[in-house]
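Take a look at the structure below.
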């Protein structure tokens, strides 16, 4: 946008008012940029639909996904079951709708947990330099060499496969990327003038960290958060595919895992839940992409 | 000398990391409710308290935590990981039997992913907004966002059940006899699908990274100079720009070893590949603590060694990196 020349008929004060009306709130501005990315908007619509399905679907389609409702291996569309039935005669559509709850809930909860750990560790490491940073960086590296899925398998197997435990098992191993990003942002921002000024005027450390620096470090963290939700959903799908999940709660990965032996008889039982996972993770990542463009407009021009 | 020093520092540091992994895993298993004595008692249909106490004493589970931990680490130093509870087989032997299969899968999948990823990235960087570029992006997206076990099952349905090119499961056919090449082809026919599946996750990452790096390099001065002095586009890309765009890709690949191992666990389960992943799965179901600990130890070892090798590879590609990193 080119700055327009001041109108000679206006006093400087009036010109100032005119530009003021043009500047919008940063959030509105980011939203405007997000809307320019059509793929991201489509993905957001898709994601919202999936989440609404997960919340209201089970009440609107009240067939129990564990109930034997028809003969096994009824192909999709036949006999009135849109996605057919599995090896035990259970309705696959019901499994997909009910399974969305567990998959999405764990995805968001685990991502939230890993962001919480990552931001805390990253903020501490980036703010207090020296020994604290050194120790925290070693901890980050330690969690980076740990084979993540194996470690979560051990946690779930040892402490029981309840949904909270699965969430913890995923959250505990996947925070390192967030921590690294947060630390890098803190290292950059802590040297900026406004932080110096705030420090000089006697702001306490925790307030400096979380009220002064963190708000300006949020943009890349939010983008990373979107990616984390996607990878946590994939992670959960992997664990439940292996059978390391609450056997009384249906989830997408679990449906694939339990129908795996019957792909010769009915490949559709495996295809449908996989498509559900793929579409969900893809839309989350595209929303993340849109957020990236919206929150870091400078990156896009690079 | 400088190089040797920094290498030794890194090896020592890696050893410390491994030690920390051991302590963490052992503590976790110690913290968890129930132990192997319970599992053994359960598998025999119950046992009275004295027998359970005897089993505990047999396995040293009645000692205090610190002593158990110390003796465990002492044994691991001698590569003695204990015995598989159920079959009384040495865990080290068991893991060493399974490790080659996993290494074969993991290394070949990484190499394939790097090769295809860099190739696709370089091709799509030639014309960043062209049709090929969009196709590559789409392909990469699929590999990255589809759950890997699902990709595996789809490939299995496609190429083992519908078109019977490759074998469904395992690593070797028992019935086959013949010379080296017969066995070689047999293993290859088993290996292709798991390898493709595992690399599908990483092709996306590497092609994206090398595309970005290549686009960046193609804009730089030395490329313009090379073109100005009359080199062909192919020579500029392959001989000059490629070398410089490789190092970010290798750095990225080095960070993926832990993810490769995680992917391998799922892929091995899908294809019944006789590696560490399937063993981990079996021993977790059986609550076989020494085996689980041993597998975690060895897979961390693979990650750590992988990181060290990445470091070496980076120095080879980019001699400007010197000293400690």
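We did not get these values from a lab; they are worked out from the coordinates using the rules stated. No experiment lies behind these values; they were computed from the predicted model shown. In this analysis, Cβ positions are derived from the backbone assuming ideal geometry, glycine residues included, and neighbour counts consider all displayed protein chains.
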Full-extension gain in nm, residue B:38 to residue B:162, via 0.36 nm per residue minus C-alpha separation: 40.1 nm
According to a simple spin-label model (label point 7 Å from Cα along Cα-to-Cβ), what is the distance in nm between residue B:69 and residue B:132? 5.7
Of the candidates B:224, B:287, B:315, which one comes out as most mobile in a Gaussian network treatment of chain B with C-alpha springs shorter than 10 Å? B:224
Could you tell me how many degrees, from 0 to 90 and to the nearest 10, lie between the Cα long axis of helix B:2-31 and the main elongation axis, the longest principal axis, of the Cα atoms of chain B? 40
Under the Debye formula (equal points on every Cα, no solvent term), log10 I(q)/I(0) of segment A:198-243 at q = 0.27 Å⁻¹: -0.89
Against the empirical 2.2 N^0.38 Å scaling, what ratio does the C-alpha Rg of segment A:206-302 come to? 1.50
Computed from every Cα-Cα pair in segment B:169-274, P(r) in 5 Å bins starting at 0 and rounded to whole percents is 2, 11, 15, 13, 11, 11, 10, 10, 8, 5, 3, 1, 0
Over the Cα atoms of the protein assembly as shown, what is the Rg over Rh ratio if Rh follows Kirkwood? 1.00
Translational diffusion coefficient, Stokes-Einstein: compute it for segment B:245-325 using the Kirkwood radius over C-alpha pairs as Rh, at 4 °C and 1.567 mPa s, and state it as an integer in µm² s⁻¹. 91
Between residue A:138 and residue B:90, what is the label-point separation in nm under the 7 Å Cα-to-beta-carbon projection? 3.3
Build a GNM of chain B with springs between Cα atoms under 10 Å: which of B:186, B:62, B:48 gets the top mean-square fluctuation? B:48
Residue B:13 label point, 7 Å along Cα→Cβ, cut-off 14 Å on backbone N: hits in segment A:131-163? A:134-145
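Using a 10 Å cut-off around each Cβ, can you sort A:114, B:272, B:299 from fewest to most neighbouring Cβ atoms?
B:272, A:114, B:299
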First measure r as the distance between the Cβ atoms of residue B:220 and residue B:313, then evaluate 1/(1 + (r/R0)^6) with R0 = 25 Å and state the FRET efficiency to the nearest 0.05. 0.65
Note on chain B: contact order normalised by length, alpha-carbon pairs under 8 Å, 6 or more apart, percent, works out to 26
Expressed in angstrom, Rg and Dmax over the Cα atoms of segment A:140-196 are 16.2, 50
Fewest first, what order do B:300, B:132, A:182 take by the number of other Cβ atoms within 10 Å? B:132, B:300, A:182
Can you give me the angle between helix B:257-271 and the longest principal axis of chain B, using Cα atoms only, in degrees from 0 to 90, rounded to the nearest 10? 70
Against the longest alpha carbon principal axis of chain B, how many degrees, from 0 to 90 and to the nearest 10, is the axis of helix B:242-254 turned? 20
Looking only at B:90, B:220, B:160, which one moves most when chain B is put into a Gaussian network model with springs between Cα atoms under 10 Å? B:220
Assertion target for A:148, B:92, A:269, ordered by fewest C-beta neighbours within 10 angstrom first, is B:92, A:148, A:269
Compactness of chain B - radius of gyration and Dmax, Cα, Å: 24.1, 87
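Go through A:287-293, A:239-245 and give me the packing order, highest mean Cβ count within 10 Å leading. Don't jump to the answer; show the numbers that get you there.
On the way: A:287-293: 21.4, A:239-245: 24.7.
Descending mean neighbour count gives A:239-245, A:287-293.
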Cα centroid distance between segment A:51-65 and segment B:256-295, in Å? 35
For segment A:150-243, report the convex hull volume of the alpha-carbon atoms normalised per residue, in Å³, without decimals. 103
